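The values are calculated or read from the model by the stated rules, or taken from the named source; none is laboratory data. Please read these numbers as outputs of a predicted model, since none were measured by experiment. Every residue, glycine among them, receives a Cβ derived from its backbone with ideal geometry; neighbour counts consider all protein chains shown. Protein only, heavy atoms only, side chains kept; ligands, DNA and RNA dropped before computing areas. Shrake-Rupley method; radii C 1.70, N 1.55, O 1.52, S 1.80 Å.
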Amino acid sequence: MAKWLKQGAEPSSIADQDRKVREVVEATLADIEARGDAAIRDLSVKFDGWDREDYRLSQSEIDDCLGKLTKQDIKDIEFAQTQVRNFARIQRESILDVEVETLPGVVLGHKNVPLQAAGCYVPGGKYPLLASAHMSVITAKVAGVPRVVTCAPPYKGGLAPAIIAAQHMAGADEIYALGGIQAIGAMAIGTASIAPVDMLVGPGNAFVAEAKRQLFGRVGIDLFAGPTETLVIADDSVDGELCATDLLGQAEHGPDSPAILLTTSEKLARDTMAEIERLLRILPTAEIARKSWGAYGQVIVADSDEEMVEIADHIASEHVQVMTRDPDYFLANMTNYGALFLGPRTNVAYGDKVIGTNHTLPTKKAARYTGGLWVGKFLKTCTYQRVTTDEASAMIGRYCSRLCALEGFSGHGEQANVRVRRYGGDNVPYAGRAEDLA
């Protein structure tokens with residue numbers, strides 16, 4: 001049976017924090033609904049100390065941001081975007097339209113239709129997370145979305161050149177310097193100056209994730225992508241330094257980012273905990289990482305790989321780093337995860353920044369029912385049907401009429417009956433009964 005050498009926050013504490021976030025978001029979205037641009041401006045000033053005449057960036061501002069980057073910066077962004085675009089295109093090519101004659105004269109099909117407008121949130125309050133621009137904008141554009149809007153918060157009281165450059169280079173049609181709930185509300189609800197979108201995508205803090213949750217239905221959302229989560233699954237084939245580095249590398253995202261070690265080696269567990277304390281004395285982002293590790297970090301020692309799979313599927317973490325002798329065992333047997341990083345040669349940072357898979361992934365156990373952001377999230381699979389012969393229409397109509405009679409839907413039944421009379425020559429009365437067609 002597994003034992004916990006370190007526990008995370010109590011569920012009741014997490015629930016209380018979630019309730020407070022929910023209340024703040026609900027009030028804020030109501031204010032945006034009522035006051036539009038005025039509310040957006042007030043919120044931007046209040047939370048980001050950021051006021052502009054127009055929150056949409058001009059082409060000259062975008063060009064200025066591009067000019068502040070070195071040639072190597074541009075090349076690095078281009079490399080990352082090429083990897084993301086390439087994998088997104090491979091995914092798009094795997095999604096096929098279908099048309100098939102299922103019965104003589106009966107043709108069924110579906111088309112994959114891109115959404116018309118997507119709103120992409122690019123986090124950037126604490127760190128300029130330009131990678132989120134690649135993941136959302138490029139994926140939407142590969143899917144064929146004609147209007148892609150991006151919002152990123154100001155960074156240290158101004159524009160973050162790297163974030164702006166990444167959004168522009170990825171193909172964003174409109175770029176806004178807005179963050180937090182006000183950005184999500186503006187894109188989903190719309191204002192006099194910002195036209196609403198059909199879909200919201202992108203990661204963010206707890207307030208951004210909750211705003212997306214509350215707006216779901218009014219617009220589509222990709223998934224619940226809240227504060228970063230990481231789970232390291234390891235055995236004694238690796239060492240504490242590697243495990244500690246991979247845990248703290250994600251804990252630095254924010255003070256509410258869970259980082260969990262799950263291992264079959266108690267020695268590795270204790271070595272990792274000691275190594276974490278050493279790294280927290282020298283890591284430049286230790287102030288944030290220490291808060292996250294202290295409040296949300298866990299260390300679990302299991303008896304076997306089988307038990308680790310069971311525990312990992314219960315946790316349903318966003319990122320799962322597997323460093324064991326047989327990482328493919330976890331690929332074959334795990335079912336609940338946002339993304340797997342298999343073997344010590346890869347890590348979550350590769351997926352976050354450059355390797356090509358999408359880093360917008362499910363959190364808070366949403367991995368039980370959804371994967372991460374991908375091209376398919378920007379497509380609607382819409383069906384159609386065509387009946388090409390009189391005989392087929394009459395044949396389907398007879399079945400339909402009898403089934404409608406079983407349900408008591410006379411109007412539905414008549415839709416079938418009129419075609420049976422016209423195309424099959426059957427003398428079916430109005431709202432014919434099942435026995436009339438026997």
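Here segment 1-124 is assigned +1 on the Cβ of each Lys and Arg and -1 on the Cβ of each Asp and Glu. Its dipole about the Cα centre then comes out at about 540 debye.
Near E78, within a Cβ-to-Cβ distance under 11 Å, what is the net charge of the other residues, with Lys and Arg +1 and Asp and Glu -1? Charge balance in the 11 Å sphere: +1. The candidates I355, I260, I288, arranged from most to least accessible area with a 1.4 Å probe in the full protein assembly, appear as I355, I288, I260.
Among the trypsin sites (Lys or Arg not before Pro) found in segment 35-114, those both in a DSSP coil and sparsely packed, with 15 or fewer other Cβ atoms within 10 Å of their Cβ, are R52, K68. When both segment 84-133 and segment 163-205 are represented by their alpha-carbon centers, they are found 19 Å apart.
Going by the alpha-carbon gyration tensor, a ≥ b ≥ c the square roots of its eigenvalues, is segment 323-373 rounded (a/c under 1.5) or, if a/c is not under 1.5, prolate (a/b greater than b/c) versus oblate? Oblate shape, in that a/c is at least 1.5 and b/c is the bigger or equal ratio. Extension gain, E307 to S60, is 83.2 nm, computed as 0.36 nm per intervening residue step minus the present C-alpha separation. Contact order, relative form, for segment 237-288: 48 percent (alpha carbon pairs under 8 Å, 6 or more residues apart, mean separation divided by residue count). 3J(HN,Hα) couplings calculated from phi for segment 264-270 with the Karplus curve 6.51 cos²θ - 1.76 cosθ + 1.60 (θ = phi - 60°) are, in sequence order, 9, 10, 5, 4, 4, 4, 6 Hz; Gly and Pro show x.
Label-to-label distance, K46 versus Q7, with points set 7 angstrom from Cα along the beta-carbon direction: 3.7 nm. A 1.4 Å probe, protein heavy atoms only, puts the accessible area of V100 near 70 Å². Report, for the chain, the % of DSSP beta bridges that are antiparallel, rounded to 5. Just about 35 percent of them are antiparallel. As a fraction of the 1.4 Å probe accessible area of the chain, surface on carbon and sulfur atoms comes out at 53 percent. Under the criterion of Cα pairs below 8 Å and six or more residues apart, the relative contact order for the chain equals 18 percent.
When you work out D = kT/(6 pi eta Rh) for segment 300-388 at 10 °C and 1.306 mPa s, using the Kirkwood radius from C-alpha pairs as Rh and the Stokes-Einstein form, the result is 108 µm²/s.
With the whole protein complex present, D235 retains an accessible surface near 10 Å², based on a 1.4 Å probe. On a full-extension model of 0.36 nm per residue, what is the gain between L108 and Q385, subtracting their alpha-carbon distance, rounded to one decimal in nm? Result for the pair: 99.3 nm of gain on full extension. In a fully extended conformation the segment linking T370 and H314 would gain 18.7 nm over its present Cα-Cα distance, using 0.36 nm per residue. Taking a straight line from the alpha carbon of K20, these lysines sit under 22 Å away, with near neighbours fewer than eight places off in the same chain left out: K46, K126, K212, K291, K364, K365.
Against the chain, whose longest principal axis is taken from its Cα atoms, helix 11-35 shows a tilt of about 60°. The Rg/Rh ratio of segment 280-438, with Rg taken over Cα atoms and Rh as the Kirkwood radius over Cα pairs, comes to 1.36.
Specify the inter-centroid distance of segment 252-277 and segment 366-386, based on alpha-carbon positions, in whole Å. Value for the Cα centre distance between the two parts: 35 Å.
Here the spin labels are modelled as points 7 Å beyond Cα on the Cα-Cβ line, and at D18 and I355 they lie 2.9 nm apart. For segment 229-243, putting each phi into the Karplus relation 6.51 cos²θ - 1.76 cosθ + 1.60 with θ = phi - 60° gives couplings of 10, 9, 10, 9, 9, 8, 10, 6, 7, 10, 10, x, 4, 5, 5 Hz, in residue order, rounded to whole numbers and with x for Gly and Pro.
Shown in residue order for segment 136-150 are the 3J(HN,Hα) couplings computed by the Karplus curve 6.51 cos²θ - 1.76 cosθ + 1.60 at θ = phi - 60°: 8, 5, 4, 5, 5, 5, 4, 5, x, 5, x, 10, 10, 9, 10 Hz (x for Gly and Pro). Taking the C-alpha atoms only, the angle from helix 286-296 to the longest principal axis of the chain is near 60 degrees.
Accessible-area rank, largest first, for W374, W293: W374, W293, with all protein chains present and a 1.4 angstrom probe. Per DSSP helix of 4 or more residues, -39500 (n - 2.57); summed, then divided by the residues of the chain. What does that give at 222 nm, rounded to the nearest 500? Mean residue ellipticity at 222 nm (helix-derived): -14000 deg cm²/dmol. Shape class of segment 302-348 from the Cα gyration tensor (axes a ≥ b ≥ c, square roots of the eigenvalues): oblate, since a/c reaches 1.5 or more and a/b does not exceed b/c. Within straight-line reach of K380, meaning a Cα separation under 14 Å, sit the following aspartates and glutamates at least 8 residues removed in sequence or on another chain: D97, D198, D222. Protein heavy-atom accessible surface, 1.4 Å probe, per residue over segment 317-438: 55 Å². Quick check: from the Cα gyration tensor, does segment 203-356 come out rounded (a/c under 1.5), prolate or oblate? Oblate shape, in that a/c is at least 1.5 and b/c is the bigger or equal ratio.
The alpha carbon convex hull volume per residue for segment 129-197 rounds to 83 Å³.
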